[in-house]
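Reading through the structure tokens given below for one structure.
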Amino acid sequence: MKLGFTPAEEAFRRECAAWLEAQLSGPFRAIRGATGLVACVEQRLAWERVLGRARWSVIGWPERYGGRDASLAEQVIFAEEYARAGAPGRMGHLGVELAGPTILHFGNDAQRERFLPKIAAGEEFWCQGYSEPNAGSDLAAVRTRARLEQGPRGAEWVIDGQKTWTSLAQFAQWIFTICRTEAGSRGPAGLSYLLVPMQQSGVTLRPIRQITGEEEFNEVFFDGARTPAEYCVGRPGDGWKVAMGTLAFERGVSTLAQQMRFRNEFEQLVAAARANGAARDPLIRQRIAEAWIGLRIMRYSALRMLSGGREGALPPEALTYKIYWATWRRRLGELAMDVLGPAAEIARAAPYEFDDLPRMFLASRSDTIYAGTNQIQRNIIAERALGLPKEPRGDR
Ligand SMILES: Cc1cc2nc3c(=O)[nH]c(=O)nc-3n(C[C@H](O)[C@H](O)[C@H](O)COP(=O)(O)OP(=O)(O)OC[C@H]3O[C@@H](n4cnc5c(N)ncnc54)[C@H](O)[C@@H]3O)c2cc1C
């Protein structure tokens, strides 16, 4: 097991840190440390384009699509330095971390040429159209339908249905979505993975306000929305396999470096405890120490997973990572509220201008829900890592 990085990897770390520092103390100073999900949108979109031009946007992708062919370790190093530098949350993350890798692995050459360079360059943004009002954890229950029709522009998918909780849809030019394309099919069979343009009359959005006060996610309605027949990833009817591939990316490498962002939050919490005297409370001190231990475990687990994989893939232990970090951060949020005491409940301005720690507490409630709830993570660990029998379902 290798619990560190090589000298070449450390040199790479210095290179990315220097670039990030130059940008974030220079032209992008204003968005350094921005934590709001939908704050400073124009500057963050510009930031995406600068990342793309400097080839720091999708470093794990092949060079021909705008990446650097970076190894898993280098990808984690970059993500760590990104968080350490206080760089803003990625507006492009659904394209960079989900749509792009899915098209790269499951798409065809024409799809790769059409979509990947624009994601890498920060010119096209994506959203994820999986969840529906009655299909969340039970994703195979999706009811959005698509049928092939001959239109004036050739064969097209025509889509009807509703998605929900669609993050960042208001900024997206494209949505990757799962639709039922075989009438009468049930469960995972008969689904297709379609790439659909958002700016068309058949797509409407309705924002949903979150507990943080932000409108980061939306309902998305398809009423005769259209996309070319060739924008189906994988074979029609075989979309479940592709959809599961995307979820593996969502829980994979991109999360291994999150502990660096969490460390920033942890340090803010410690500073608040020192400032208001909560650090003198023995129980608070104990919980801070536990949080620190959890953070270190996260870091060493990430390093262990990186050294245990084969041919660029993560080992089965990586399946434990999502439930671990999500549960840890939810507890950190609760600790932050106890450290701040009643002051945590006072917003800077009406109606929802919270400071970073109370907002972190509120946002952390969603960590154990998106990308698979904690209960679903337990199923995944049981079935895919431990090989236990599959959970009984009515449709299999
Ligand atoms: C901040 C945020 C952003 C999101 N962004 C997106 C997005 O961009 N695109 C998108 O498609 N979706 C998105 N989602 C939706 C997310 O994927 C779903 O909320 C999640 O899959 C859970 O589905 P659900 O909300 O329908 O809950 P349900 O599936 O109805 O679950 C309700 C409860 O039942 C439990 N449960 C369900 N099934 C089982 C089971 N088999 N065994 C044990 N317990 C079970 C769950 O763990 C949960 O506690 C987002 C969610 C959040 C909170």
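To the nearest 10 degrees, how steeply does helix 282-308 sit against the main Cα axis of the chain, on a 0 to 90 scale? Once rounded, the angle reads 50 degrees. Decide, for the stretch 81-158, between rounded, prolate and oblate: order the square roots of the alpha carbon gyration tensor eigenvalues as a ≥ b ≥ c, take rounded if a/c falls under 1.5, and otherwise choose prolate if a/b is larger than b/c, else oblate. Since a/c reaches 1.5 but b/c is at least a/b, the shape of the stretch 81-158 is classed as oblate. Each other residue within a Cβ distance under 15 Å of ALA326 adds +1 if Lys or Arg and -1 if Asp or Glu, for a net charge of +4.
Let me spell out the model: positive unit charges on the Cβ of Lys and Arg, negative unit charges on the Cβ of Asp and Glu, origin at the Cα centre of the chain. What dipole size does that give, in debye rounded to 20?
Numbers: 51 positive and 46 negative charges, 116 e Å.
It works out to roughly 560 debye.
How fast does the stretch 337-390 diffuse by Stokes-Einstein, in µm²/s, taking the Kirkwood radius from C-alpha pairs at 25 °C and 0.890 mPa s? Estimated via Stokes-Einstein, D reaches 180 µm²/s. Qualifying GluC sites (Glu not before Pro) in the stretch 319-396, where qualification requires a DSSP coil assignment and no more than 13 other C-beta atoms within 10 Å, comprise GLU353.
Only Lys, Arg, Asp and Glu carry charge here, each on its Cβ (+1 for the first two, -1 for the last two); on that basis the stretch 126-238 has a dipole of about 220 debye about its Cα centre. Against the longest principal axis of the chain, how steep is helix 41-53, in degrees 0 to 90 to the nearest 10, with axes from Cα atoms? Between helix and principal axis, roughly 80 degrees.
Count Lys and Arg as plus one, Asp and Glu as minus one, and take only other residues whose Cβ is under 15 Å from that of ILE380; the net charge is then +1. Across the chain, the mean sequence separation of Cα contacts (distance under 8 Å, 6 or more residues apart), normalised by length, yields a relative contact order of 14 percent. Each 20 Å bin from zero up to the one holding the largest Cα-Cα distance in the chain carries the following percent of pairs: 25, 59, 15, 0. When the P(r) is computed for the stretch 75-207, the part past 19 Å accounts for 56% of the Cα-Cα pairs. At q = 0.17, 0.28, 0.29, 0.32 Å⁻¹ the log10 of I(q)/I(0) for the stretch 112-153 amounts to -0.80, -0.85, -0.88, -1.00, computed by Debye summation with a single uniform scatterer per C-alpha, solvent ignored. Binning all Cα-Cα separations of the stretch 256-396 at 10 Å, short to long from zero, yields these whole-percent fractions: 11, 34, 30, 17, 8, 1. Could you tell me which residue out of GLY86, THR227, CYS179 lies farthest along the dipole of the chain toward its positive end? Charges go on the beta carbon: Lys and Arg +1, Asp and Glu -1, centred on the Cα centre. The listed residue farthest towards the positive side: GLY86. Summarised in one figure, the compactness ratio Rg/Rh of the stretch 1-134, Cα atoms and Kirkwood Rh, is 0.99. Give the residue from GLY52, VAL76, ALA30 lying farthest towards the positive end of the charge dipole for the stretch 7-91; charges sit on Cβ (+1 for Lys and Arg, -1 for Asp and Glu) and the dipole is referred to the Cα centre. Positive-end residue among those listed: ALA30.
Values in this text are rule-based calculations from the coordinates and carry no lab data. None of the values given here were measured: they were computed from a predicted structure. Neighbour counts are summed over all protein chains in view; Cβ atoms, including those assigned to glycine, are modelled from backbone coordinates with ideal geometry.
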